[in-house]
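Undergrad: Encoded as structure tokens, here's the structure I'll be asking about.
The values are calculated or read from the model by the stated rules, or taken from the named source; none is laboratory data. The model shown is predicted, which means the values in this text are computed figures rather than measured ones. Glycine also receives a Cβ, built like all others from the backbone with ideal geometry; neighbour counts cover every protein chain displayed. These accessible areas exclude ligands, DNA and RNA; they are computed on the full protein's heavy atoms, side chains included. Shrake-Rupley method; radii C 1.70, N 1.55, O 1.52, S 1.80 Å.
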Amino acid sequence: MIRLFLLLLFSAIVSVAQAQYPTAEHYSQLKPHPRLILRSDDVARLKQAVDTSPQMARLDNYILTRADKEIEKPVVVYKKQGKRLLSVSRQVLERVLLWSYAYLVTDDVSYAQRAEKEMLASAAFENWNPSHFLDVAEMTTALALGYDWLYDVLSEQAREVIAQAILQKGILGAENERQMWFYKSNHNWNQVCNCGMALGALAIAEREPELAAKMVEKSLLSNGGVMKTYAPDGVYYEGSGYWSYGTWFEVVMIEALRSALGHSFDLEKSEGFLQSADFVNFMTAPSGRTFNYSDCGSSIKKSQNPLLGWFAAERGDMGCIYDDFRSLESGEIRIEERRMLPIGMFFLSRCNLSAIEPPSSKIYVGQGEQPIYIYRGGWETKNDTYLATKGGSASLNHGHMDAGSFVYEKDGVRWSIDLGMQNYYSLESKGVKLWDRKQNSQRWDVYRLSAEPHSTLTIKGEKHIVEACVTMVNTFESERKWGVTYDMTELFEPLTKSERTFVMDVNENLTVIDNVISSKPCTIRWTMCTNATAKIVGKNKILLEQAGKRMLLRANSSRHIVPFILSNDPPHSYDAPNPNSCRVGFDVSVRKKVKLFVQLAPVR
């Protein structure tokens, strides 16, 4: 039987000549169950980490408490929200991982039995909603991990039913031409869907050897495209929230390949991939809020991401988890991609938890399709200064018209904000054509996605050009000032030059300089979105007040300046409300050229 198995595997992949793809030798070493992610000493190491680290003990207790709360609830039912079954798939994944983890660390078989019921219930669904293939991918991931981690305690009948569901409702769905477009995508869909199909294939490889080899090969061939988007410095152009989503599944696939076949096929060596941990760490400000550009949620509290444990162990750099572990000393537990936490516990347990130190750098510079420059004054207090800026293009997946925008924190207050995303279903359910990114698409009429409320430059009354790309021209650093310059010219049809420079001085006060040349007269609008209370206090001054602190915006230019304070009340019935926020800024007329300086300085 083993010889036949190896023969089938070899024939399925005989055309693969490159060393970075699986060979028959890799499959000859296919591990027994559990073969996905878990290493032979992971459970023992995890228990030791829980015994010696207060933070790990808190997380372990959090998981087991959640496992106990969920165990008495009824099994999932098939219920779509709009076009998605995704919330159900995610619930199954979270529950299966909770109960599988609880069984592994306690040996209490009741957890495994409850996970079996959950998997059988979802296996009985008529389908896993292949028209929105993320739903299929996450459900396949859930059943593959549960089938593998609990293999020895599942009943023989349950194994058969779950394996058939993985095959019929999961893997074979990716063979449908209407669903397989994700293979050519270069964003989170590629990572999530390829992970689901690879895990499903590896979980049942002894049952379907030819198909398993074929699916793993396809996933590896396809995955290279999205991995190139991390280059050169680790920026994930869809933002930190989608970094968590896509990169979680990427790492799960890498670890499953390592544990099952003994090789990652060098996915983690893709340019910029390991550096992306720096990107996501810098995306969280001292306040705990994120730089929420594009379709990122507007979190207002610090959250933890156990995926950083994998990067810390991989890089041998415990600075990757410093900010998270410091917040776990007494702060609230708020987990990014919470359903993945049980996997993250094994990643964290592989770290040297006695050698955690703060990151060595205060500045992050990331080039690529969505260039990012971030300054963070320190890693110790909520009062550290924070400046995050971006270039990029609205045409990118999940993009907004936010090129040239920035967020700014000083003295523990976020003065310049981004309103963030609006829930997709709230727009889709009202007929908004959200996913059309053409210039005149209704997408750009959605208030939060348009240029209007972002802290950037616009030509008054006009949209940014969707296909335009704002690039990083240079960065600079000296003892008295540091910052970045972006070329924003492509955003504006009448402008022949538009450069935006962010300058931080020795006191960490910010000046934004816009240098503009126009081919015809126009009015440029300098906008900053804020939660502060605003008051015009002069022909070129706006005073902001928030949380007992005050900030003065002072504009200077050779041209006439008109300060303004505008509401963020949305213009359409389908727009989300934006309470406790407004837009402040300055309108400046341009005949041929103008240079506008706006300084933000605290008022003591």
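Undergrad: With viscosity set to 1.306 mPa s and temperature to 10 °C, compute the Stokes-Einstein D of the chain, Rh being the Kirkwood radius across alpha carbon pairs; µm²/s, no decimals.
TA: Result for D is 62 µm²/s.
Undergrad: Rounded to whole Å and ordered largest first, report the semi-axes of the equivalent ellipsoid of the range 516-604 derived from its Cα gyration tensor (root of 5λ).
TA: Values for the range 516-604, descending: 25, 20, 8 Å.
Undergrad: How about the range 77-150: which chymotrypsin sites (Phe, Trp or Tyr not before Pro) there are in a DSSP loop, with at most 14 other Cβ atoms within 10 Å of their Cβ?
TA: TYR78
Undergrad: Put +1 on the Cβ of every Lys and Arg and -1 on every Asp and Glu Cβ in the chain; which of LEU341, SER557, GLY378 then has its Cα farthest towards the positive end of the dipole?
TA: With unit charges placed on the Cβ atoms, the residue in question is SER557.
Undergrad: Which trypsin sites (Lys or Arg not before Pro) from the range 509-544 combine a DSSP loop assignment with at most 11 other Cβ atoms within 10 Å?
TA: Of the trypsin sites (Lys or Arg not before Pro), the ones in loops of the range 509-544 whose Cβ has at most 11 other Cβ atoms within 10 Å are LYS539.
Undergrad: What is the sum of charges, Lys and Arg at +1 and Asp and Glu at -1, for the other residues whose Cβ falls under 14 Å from the Cβ of ARG500?
TA: Summing Lys and Arg as +1 and Asp and Glu as -1 gives -1.
Undergrad: So, one more: Which order do TYR183, TYR245 take when ranked by solvent-accessible area (1.4 Å probe, heavy atoms of all protein chains), largest first?
TA: Largest to smallest exposure gives the sequence TYR183, TYR245.
Undergrad: Could you order LEU104, LEU172 so the one with the most accessible surface comes first? Probe is 1.4 Å.
TA: Solvent-accessible surface, decreasing: LEU172, LEU104.
Undergrad: Kindly provide the helix-only [θ] at 222 nm of the chain, computed as the sum of -39,500 (n - 2.57) over DSSP H runs of four or more divided by all residues, to the nearest 500 deg cm²/dmol?
TA: After summing the helix terms and dividing by residue count, I get -10500 deg cm²/dmol.
Undergrad: Another question, if that's okay. Under a no-solvent Debye model with one identical scatterer per Cα of the range 104-254, what's log10 I(q)/I(0) at q = 0.09, 0.12, 0.17 Å⁻¹?
TA: -0.29, -0.51, -0.93
Undergrad: So, one more: For the chain, which whole-number percentage of the solvent-accessible area (1.4 Å probe, protein heavy atoms only) is attributable to carbon and sulfur atoms?
TA: C and S fraction of accessible area: 49 percent.
Undergrad: While we're on this one: Work out the FRET efficiency for SER87 and THR381 from their Cβ-Cβ distance, taking R0 = 51 Å, and round it to the nearest 0.05.
TA: Calculated transfer efficiency: 0.85.
Undergrad: Measure off 7 Å from each Cα along the Cα-to-Cβ vector at ALA576 and ASP436, then give the distance between these two points in nanometres to one decimal.
TA: 2.3
Undergrad: Based on alpha-carbon atoms only, what is the radius of gyration of the range 463-582 relative to the globular estimate 2.2 N^0.38 Å?
TA: Relative to the rule-of-thumb radius for its length, the range 463-582 sits at 1.22.
Undergrad: Tell me the angle of helix 54-71 to the major Cα principal axis of the chain, expressed in degrees between 0 and 90 and rounded to the nearest ten.
TA: 70
Undergrad: Another one. With every protein chain kept in place and ligands, DNA and RNA left out, what is the accessible area per residue of the chain? Probe 1.4 Å, answer in Å².
TA: 39
Undergrad: Cross-link list LYS117/LYS228; LYS69/LYS430; LYS80/LYS218; LYS73/LYS302; LYS390/LYS438; LYS302/LYS463: which exceed 31 angstrom alpha carbon to alpha carbon?
TA: Check vs 31 Å cut-off fails for LYS117/LYS228; LYS69/LYS430; LYS302/LYS463.
Undergrad: Taking R0 as 51 Å, what FRET efficiency do you get between VAL537 and SER429 from their Cβ-Cβ distance, rounded to the nearest 0.05?
TA: 0.70
Undergrad: Further question on the same structure: Return one number: the angle in degrees, 0 to 90 and rounded to the nearest 10, between the long axis of the Cα atoms of helix 109-123 and the longest principal axis of the Cα atoms of the chain.
TA: Helix 109-123 and the main axis of the chain meet at about 80 degrees.
Undergrad: If the range 400-456 were replaced by its equivalent ellipsoid, with semi-axes equal to the square roots of 5 times the Cα gyration tensor eigenvalues, what would those be, largest first, whole Å?
TA: 26, 13, 6
Undergrad: Considering only TYR111, VAL92, ALA403, whose Cα is most displaced toward the positive end of the charge dipole of the chain, charges sitting on Cβ of Lys, Arg (+1) and Asp, Glu (-1)?
TA: Comparing the listed Cα positions along the dipole, ALA403 ranks first.
Undergrad: Okay, moving on. Need the full-extension length gain, PHE564 to GLU72, defined as separation in residues times 0.36 nm minus the C-alpha distance. One decimal, nm.
TA: Value of the extension gain: 171.5 nm.
Undergrad: Determine the sum of side-chain charges near LYS541: Lys and Arg each +1, Asp and Glu each -1, restricted to other residues whose C-beta is under 13 angstrom from that of LYS541.
TA: +4
Undergrad: Taking 22 Å as R0, compute the FRET efficiency from the Cβ-Cβ separation of ILE300 and TYR62 and round it to 0.05.
TA: Rounded to the nearest 0.05, the efficiency is 0.60.
Undergrad: So, in nm, how far is label THR489 from label GLN164 when the simple model puts each one 7 Å beyond its Cα toward the Cβ?
TA: 6.5
Undergrad: With +1 on each Lys and Arg Cβ and -1 on each Asp and Glu Cβ, and nothing else charged, work out how big the dipole of the chain is about its Cα centre, in Debye to the nearest 20.
TA: 2340
Undergrad: Taking 0.36 nm per residue of separation and subtracting the Cα-Cα distance, what length does fully extending VAL473 through LYS593 add?
TA: Extra length from VAL473 to LYS593 when fully extended: 41.2 nm.
Undergrad: Could you compute how much accessible surface MET421 exposes when probed at 1.4 Å, giving the result in Å² to the nearest 10?
TA: Using a 1.4 Å probe on the heavy atoms, I get roughly 50 Å².
Undergrad: Relative to the longest principal axis of the chain, what angle (0 to 90°, nearest 10) does the C-alpha long axis of helix 86-106 take?
TA: 60
Undergrad: Zone of TYR151 (label point 7 Å along Cα→Cβ, backbone N under 19 Å): which residues in the range 237-263?
TA: 252-263
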